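Enquirer: Dropping a structure here in structure tokens format, bear with me for questions.
The values are calculated or read from the model by the stated rules, or taken from the named source; none is laboratory data. Source: prediction; values computed, not measured. No Cβ is skipped: glycine too gets one built from the backbone with ideal geometry, and neighbour counts run over all protein chains shown. Just so you know, the surface numbers come from the protein's heavy atoms only, side chains and all, with ligands and any DNA or RNA stripped out. Shrake-Rupley method; radii C 1.70, N 1.55, O 1.52, S 1.80 Å.
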Amino acid sequence: MRTLPVLDTPEGRKYILPDGTQLVSMTTLLSATMKDKAEVLTKWKARVGETAAARISHEATTKGKSFHKIAEDYLHNRLDPSLLLSSERHRFNCALSSLNRIDNVRHVEQGLYSRKLRIAGTVDAIADFDCIPSVIDHKTSRSLKKEAWIENYFLQKTGYALMYEELTGVKIKQIVTIISVESADFCQVFVKNPDDYKQKLFSLILEYYAQ
């Protein structure tokens with residue numbers, strides 16, 4: 001099974017397992033427990049205004065979906081760059097050197113879950129990155145990111161790594177974040193060890209279910 005049905009609830013997004021069990025999505029769990037991120041977002045909306053914030057968020061979502069589609073098609077060897085819009089072609093060319101470090105693709109846009117941790121989600125890719133089995137995530141950004149700002153990205157992929165190991169018995173050795181940056185002619189690439197983020201993720205899961 002490639003994807004899992006999704007249910008949007010007042011408590012956030014949930015994934016529905018084949019037996020009907022509902023598990024909270026990784027993004028919902030992290031949004032609910034990483035209060036500092038939520039505060040930053042609230043302050044940003046107050047600073048730029050609700051209208052501007054909605055417009056910027058919509059543009060970011062659109063560009064994010066576009067980059068995900070480009071990366072997915074490229075990994076499936078079905079991308080024709082000549083059919084891309086000029087902005088998409090530029091984004092693809094900037095990402096090409098990073099995408100070419102990916103090989104032995106096992107899954108793309110794969111639904112994952114962990115009954116032990118009671119979490120679920122959809123991983124962008126499970127593949128080798130620089131010849132090492134990895135969870136790979138594609139992101140977009142208007143500007144360069146500092147590592148300290150994106151710990152939630154690493155926690156999200158650590159969750160995917162744990163779900164994949166529970167479902168398959170295969171241990172994921174590294175998590176990779178590829179960020180297509182609008183203001184740069186290259187992608188930022190962050191490669192991490194999921195073992196470094198497990199304990200914090202476990203604490204956030206406990207906090208979420210204690211609320």
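Enquirer: Using Cα pairs under 8 angstrom and six or more residues apart, how large is the relative contact order of segment 164-211, in percent? Please report the intermediate quantities before stating the final value.
Expert: Details: 36 pairs, mean separation 12.6, N = 48.
Reported relative contact order: 26 percent.
Enquirer: Sorted by accessible area with a 1.4 angstrom probe, largest first, how do 204, 79 fall? If you can, show how the numbers build up before the last one.
Expert: Working: 204 15, 79 40 Å².
So the residues, ranked largest to smallest area, are 79, 204.
Enquirer: Apply the Karplus curve 6.51 cos²θ - 1.76 cosθ + 1.60, θ = phi - 60°, to the phi angles in segment 135-140 and return the couplings in whole Hz, x for Gly and Pro.
Expert: 8, 10, 10, 9, 10, 10
Enquirer: Before rounding to the nearest 500, sum -39500 (n - 2.57) across all DSSP H runs of length at least 4 in the chain and divide by the residue total; then give [θ] at 222 nm in deg cm²/dmol. Write out the running numbers ahead of the final one.
Expert: Numbers: 6 runs with 93 residues, N = 211.
Here the helix-only value at 222 nm equals -14500 deg cm²/dmol.
Enquirer: Report the relative contact order of the chain, percent, no decimals, based on alpha-carbon pairs under 8 angstrom and at least 6 residues apart.
Expert: Numbers: 325 pairs, mean separation 41.3, N = 211.
Contact order relative to length: 20 percent.
Enquirer: Could you give P(r) for segment 156-211, binned at 5 Å from zero, as whole percent values over all Cα-Cα pairs?
Expert: Over segment 156-211, the share of Cα pairs per 5 Å bin runs 4, 17, 20, 19, 15, 13, 8, 4, 1 percent.
Enquirer: Could you work out the percent of alpha carbon pairs in segment 100-174 separated by over 15 Å, rounded to a whole number?
Expert: 56 percent
Enquirer: How large is Rg/Rh for the chain, to two decimals, with Cα atoms and a Kirkwood Rh?
Expert: Details: Rg = 17.2 Å, Rh = 18.0 Å.
We get a ratio of 0.95 for the chain.
Enquirer: Report the relative contact order of segment 109-211, percent, no decimals, based on alpha-carbon pairs under 8 angstrom and at least 6 residues apart.
Expert: Working: 177 pairs, mean separation 27.1, N = 103.
Computed over segment 109-211, the figure is 26 percent.
Enquirer: Return one whole number: the accessible area per residue of the chain in Å², for a 1.4 Å probe.
Expert: Numbers: 11290 Å² over 211 residues.
On a per-residue basis, the chain sits at 54 Å².
Enquirer: Something else about it: Sort 28, 177, 62 by accessible area with a 1.4 Å probe, largest first. Please report the intermediate quantities before stating the final value.
Expert: Working: 28 25, 177 0, 62 75 Å².
Listed by decreasing accessible area, they come as 62, 28, 177.
Enquirer: Would you mind checking 145/173; 171/200; 65/171; 146/200 for any pair whose Cα atoms are more than 26 angstrom apart? Show your work: numbers first, answer last.
Expert: On the way: 145/173 23 Å; 171/200 19 Å; 65/171 28 Å; 146/200 19 Å.
Pairs exceeding 26 Å: 65/171.
Enquirer: Can you tell me what share of the DSSP beta bridges in the chain is antiparallel? A percent to the nearest 5 is fine.
Expert: Working: 27 of 37 bridges.
Among the beta bridges of the chain, antiparallel pairing accounts for roughly 75 percent.
Enquirer: Counting only trypsin sites (Lys or Arg not before Pro) that are in a DSSP loop and have at most 12 other C-beta atoms within 10 Å, tell me the longest site-free stretch of the chain.
Expert: 3-77
Enquirer: Charges at C-beta only: +1 for Lys and Arg, -1 for Asp and Glu. How large is the resulting dipole of the chain about its Cα centre, in Debye rounded to 20? Don't jump to the answer; show the numbers that get you there.
Expert: Working: 30 positive and 26 negative charges, 71 e Å.
The dipole of the chain has a size of about 340 debye.
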